[in-house]
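The values are calculated or read from the model by the stated rules, or taken from the named source; none is laboratory data. These numbers come from a predicted model, not from an experiment. Here Cβ is always computed from backbone atoms with ideal geometry, including for glycine, and neighbour counts include all displayed protein chains. Remember, those area values only see protein heavy atoms, side chains included, never the ligands or the DNA or RNA. Shrake-Rupley method; radii C 1.70, N 1.55, O 1.52, S 1.80 Å.
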Amino acid sequence: MKLNKRIIINPEVMVGKPVIKGTRIPVDTVVRLLAQGITQEEILEDYPNLKKEDIRAALEYVADVVEGEDVFPLLDTKK
């Protein structure tokens, strides 16, 4: 399944995790590296198959997933 031009989900690649197209690099790996403070430039050096557009696509994918989540706050029953 194609989620955008750069992110794919294929059950035969990384057990169906969303990955950057043409790689086995999971979207969550890219986002986690950014969250750890690793710069785009460092990520691109460590993963030469990636492009800046791939990193942006990973962030966009995660934003879309979170946007689609339903959140149901729990009621505080101890008051």
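Restricting region 37-79 to residues that are among the aromatic types (Phe, Trp, Tyr) and surrounded by 10 or more Cβ atoms within 10 Å (Cβ to Cβ) leaves a set whose member that is nearest to Asn4 (Cα to Cα) is Tyr61. Can you tell me which residue in region 52-79 is nearest to Ile20 (Cα to Cα), limited to those that are assigned to a helix (DSSP H, G or I) and among the charged types (D, E, K, R)? The qualifying residue nearest to Ile20 (Cα to Cα) is Asp54. Mind listing whichever residues of region 47-79 are β-branched (Val, Ile, Thr) and without any contact (Cβ under 8 Å) to a residue 24 or more places away in the chain? Scanning region 47-79 gives Val65, Val66, Val71, Thr77.
On the given criteria, is Val30 outside any loop (DSSP other than H, G, I, E, B), within 14 Å of the chain's Cα centre (by Cα), surrounded by 12 or more Cβ atoms within 10 Å (Cβ to Cβ) and in contact (Cβ under 8 Å) with a residue 24 or more places away in the chain? Judged against the criteria, Val30 is a match. The condition of being open to solvent by less than 60 Å² (accessible area, probe 1.4 Å) and modelled with pLDDT of 95 or more holds for Pro18.
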